[in-house]
1. Among the residues of segment 94-106, are any of a type outside the set (A, V, I, L, M, F, W, C), modelled with pLDDT of 95 or more and surrounded by 13 or more Cβ atoms within 10 Å (Cβ to Cβ)?
2. Taking the criterion of being in contact (Cβ under 8 Å) with a residue 60 or more places away in the chain, surrounded by fewer than 22 Cβ atoms within 10 Å (Cβ to Cβ) and in contact with a Phe, Trp or Tyr (Cβ under 6 Å, 6 or more places away or on another chain), would at least one residue in segment 183-200 satisfy it?
3. Of these, Asn78, Asn73, which one is at pLDDT below 85 and within 25 Å of the chain's Cα centre (by Cα)?
4. Name, by its number, the condition in (1) under 25 Å from Gln81 (Cβ atoms); (2) part of a helix (DSSP H, G or I) that does not hold for Tyr231.
5. Might you let me know whether segment 99-108 holds any residue that is among the small types (Gly, Ala, Ser), in contact with a Ser or Thr (Cβ under 7 Å, 6 or more places away or on another chain), part of a helix (DSSP H, G or I) and closer than 21 Å to Val53 by Cα?
6. Using beta carbons and a limit of 8 Å, which pairs, at least six apart or on different chains, have the first residue in segment 225-242 and not aliphatic (A, V, I, L, M) and the second one not in a helix (DSSP H, G or I)?
7. For Gly66, all conditions in the list (1) surrounded by 13 or more Cβ atoms within 10 Å (Cβ to Cβ); (2) more than 19 Å from Thr158 (Cα to Cα); (3) over 19 Å from the mean Cα position of the chain (by Cα); (4) of a type outside the set (Val, Ile, Thr) hold save one; what is the number of the exception?
8. From Lys177, Lys157, grab the single residue that is closer than 28 Å to Ile65 by Cβ, part of a loop (DSSP other than H, G, I, E, B), touching a residue at least 12 places away in the same chain (Cβ under 8 Å) and basic (Lys, Arg).
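The values are calculated or read from the model by the stated rules, or taken from the named source; none is laboratory data. Just so you know, these numbers come straight off a predicted model, no measurement behind them. Note that we place each Cβ from the backbone using ideal geometry, even for glycine, and neighbour counts take in every protein chain shown.
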Amino acid sequence: MSETEVQTAAVEAPGLTQWQRVLNTFTAPSKTFEDIQRGNRSWWVPLILISVVSYLLFAVIVTRIGMQQVVDNQMHLNPQQEEKMAQLTPAQREMGSKISLYVTEGIFIASPAFTLAVFALGALGLMATINFGFGGRAKFGGIFCVWFYATLPSLIKTLLGIIVIYAGMAPESFNIKNFAPTNIGAFLNPLETNAALYSFATSIDVIQIWSMILLAIGLAAVAGVKRNSGYIAVFGWWVIFVLFGVGAAAIRG
């Protein structure tokens, strides 16, 4: 077959189903991202999976931990905020606690909308980076779809968090911002560890790194650039956000 015939056959080959892309994300990610590069950009199955598991975590937290306990724990992990709350009147403290509770519950309830918004912003940032910085030809839809599949390993982290809760975690020790032992920070006491060090340790998360590797592979595929360019683009932004988080934690003390 000539090169033209090979290209035509590849274009006309049937695309993978979304469930096949989900499975291949864990077993053969290149197949998933090559399928997206060919124009098969449906992402509703990953969104449903991520949303369902998030709601399952929410239900487990409500029944086993209690949302008020979650809010109280976060307050306790922020001594400065806890001190400010202690200076308020009882009525003001009660109102502040209710607002924090409603916000926390609202974030869980609206998690699909937040997911769409965050992925859209991230896709725009990566599109600009890979196209203008590395000469890529990626389109927003391709990167947006890649992001959904690259995030699928987060399902493992969420399920692991649910297992940890059911394994007998004390409600008073639950940290909603670091609910699964997938990073170094999960094994440190945030109240006894330097804030900047704890922020950095929390960033070294095996699930997050796995997802970023997948995102880099997918980004390179849909942009038509070398994988090294995808790795530099994705991990470059990760380093920036990690340094920002560490710096902010250091300022807060």
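1. no
2. Looking for residues that are in contact (Cβ under 8 Å) with a residue 60 or more places away in the chain, surrounded by fewer than 22 Cβ atoms within 10 Å (Cβ to Cβ) and in contact with a Phe, Trp or Tyr (Cβ under 6 Å, 6 or more places away or on another chain), one finds at least one in segment 183-200, hence yes.
3. Asn78
4. Single failed check for Tyr231: (1).
5. The answer is no, given that none of the residues of segment 99-108 is among the small types (Gly, Ala, Ser), in contact with a Ser or Thr (Cβ under 7 Å, 6 or more places away or on another chain), part of a helix (DSSP H, G or I) and closer than 21 Å to Val53 by Cα.
6. Ser229/Gly136
7. (2)
8. Lys177
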